[in-house]
Amino acid sequence: MCNSDRERALSAVDLLNDFVGDFVTGTMVLARFHAEHNAGSITAEQLAGVNKMCLSHLVLGLTKWLEFYDKFHDLIPNELKDEAKQVKRTIEARNVLDFRHKCVGHIWDKETNRPLVNSEIIGRLNRIMNNDVRAFLKWLNNPGSVVYSKSVAGISEAMRDKIAAAYGILPGDAINR
């Protein structure tokens with residue numbers, strides 16, 4: 001194995017570590033604030049802001065995950081290739097890139113030559129979530145699973161760990177570079 005192979009694997013491990021953190025943090029913050037709202041500690045308006053922030057963050061993470069797949073799919077261990085392909089297909093089917101382009105990254109819809117209204121943004125977001133925010137968050141991160149889960153975070157974590165083991169990458173190697 002040449003040094004550049006290990007450097008590439010190190011970059012993959014670093015990115016996957018970020019994805020795990022982003023998906024876990026985004027879903028857990030959202031769950032926490034929903035619980036706070038249900039307990040009456042925060043208003044619906046405050047929850048709406050947290051929803052927007054967390055869901056935008058999660059959408060950005062998913063679009064980065066697609067880019068990761070395009071650039072590093074050859075490093076994905078054979079036993080996780082089918083699961084990784086399924087995550088990619090699901091992200092694409094849910095039109096996550098379109099949402100990022102039209103709702104997270106811009107204010108102006110070029111097709112209609114106007115900004116999207118809130119109901120249009122929510123409609124697109126509901127498509128990403130299949131009209132089920134709880135199932136969407138569980139798909140991203142299933143904290144109830146003790147062992148590696150079939151969630152995007154779990155699959156990313158398993159890929160990270162297997163790539164790290166294959167290239168002799170220690171936890172601090174990615175963090176301290």
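The values are calculated or read from the model by the stated rules, or taken from the named source; none is laboratory data. Not measured: the values here are computed from a predicted model. All Cβ positions, glycine included, derive from the backbone under ideal geometry; neighbour counts span all protein chains shown. SASA here: full protein model, heavy atoms, side chains in, ligands and nucleic acids out. Shrake-Rupley method; radii C 1.70, N 1.55, O 1.52, S 1.80 Å.
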Subject >> Residue order for Met159, Met28 - accessible surface, 1.4 angstrom probe, largest first >> reply: Met28, Met159
Subject >> the range 161-170 - phi-based ³J(HN,Hα) in whole Hz, Karplus 6.51/-1.76/1.60, Gly and Pro as x >> reply: 5, 6, 5, 4, 5, 5, 10, x, 8, 8
Subject >> Solvent-accessible area per residue, Å², over the chain with all protein chains present [probe radius 1.4 Å] >> reply: 58 Å²
**OP:** Enumerate the calculated ³J(HN,Hα) couplings along the range 131-144 in order (Karplus 6.51 cos²θ - 1.76 cosθ + 1.60, θ = phi - 60°), each rounded to whole Hz, writing x wherever the residue is Gly or Pro.
**Re:** 6, 9, 5, 5, 5, 5, 5, 5, 4, 6, 8, 10, x, x
**OP:** Might you report the magnitude of the Cβ-based charge dipole of the range 6-106 about its Cα centre, with Lys and Arg at +1 and Asp and Glu at -1, to the nearest 20 debye?
**Re:** 200 debye
**OP:** Past 29 Å, Cα to Cα, is the threshold; run Lys52/Lys162; Lys71/Lys102; Lys52/Lys138; Lys110/Lys150; Lys81/Lys110 against it and keep the listed order.
**Re:** Lys52/Lys162; Lys110/Lys150; Lys81/Lys110
Original post:
Under a plain spin-label model, where a point goes 7 Å from the Cα along Cα-to-Cβ, how far apart in nm are Leu66 and Asp109?
Top reply: 1.8 nm
**OP:** Work out the charge dipole of the chain with +1 on the Cβ of Lys and Arg and -1 on the Cβ of Asp and Glu about the Cα centre, then indicate which of Phe23, Leu10, Pro115 is farthest towards its positive end.
**Re:** Pro115
Original post:
When all protein chains stay in place, what accessible area (Å², nearest 10, 1.4 Å probe) is found for Asp161?
Top reply: 80 Å²
Original post:
Rule-of-thumb check for the range 112-177: C-alpha Rg over 2.2 N^0.38 Å?
Top reply: 1.67
Subject >> Computed lengthening from His101 to Asp18, 0.36 nm per intervening residue step minus Cα-Cα distance >> reply: 27.7 nm
**OP:** Quote the charge dipole size of the range 51-147 about the Cα centre in Debye, to the nearest 20; the model charges only the Cβ of Lys and Arg (+1) and of Asp and Glu (-1).
**Re:** 260 debye
**OP:** Pop out the ³J(HN,Hα) list for the range 123-129 in order, Karplus 6.51 cos²θ - 1.76 cosθ + 1.60 with θ = phi - 60°, rounded to Hz; leave Gly and Pro as x.
**Re:** x, 5, 5, 5, 5, 4, 8
**OP:** Kindly identify the range 1-67 as rounded, prolate or oblate by the Cα gyration tensor criterion: order the square roots of the eigenvalues as a ≥ b ≥ c, call it rounded if a/c is under 1.5, otherwise compare a/b with b/c, prolate if a/b is larger, else oblate.
**Re:** prolate
**OP:** Please list the non-local residues whose amide H lies under 5 Å from the amide H of Asp109, H modeled 1.01 Å from N, same-chain partners needing a gap of 5 or more.
**Re:** Arg114, Leu116
Original post:
How would Ile122, Ile91 line up by accessible area, probe 1.4 Å, largest first?
Top reply: Ile122, Ile91
Original post:
Tell me, what are the semi-axes, in whole angstrom and largest first, of the equivalent ellipsoid of the range 68-117 as set by the roots of 5 times the Cα gyration tensor eigenvalues?
Top reply: 32, 10, 6
**OP:** Please report the relative contact order for the chain, taking Cα pairs under 8 Å with a sequence separation of at least 6, and give it as a percent rounded to a whole number.
**Re:** 34 percent
Subject >> Convex hull per residue volume in Å³, alpha carbons only, for the chain >> reply: 140 Å³
Subject >> Low-density loop cleavage sites - GluC sites (Glu not before Pro) in the range 41-122, where at most 12 other Cβ are within 10 Å (DSSP) >> reply: Glu111
Original post:
Taking the Cα centre of the chain as the origin, how large is its charge dipole in debye, to the nearest 20, when only Lys and Arg (+1) and Asp and Glu (-1) carry charge on their Cβ atoms?
Top reply: 320 debye
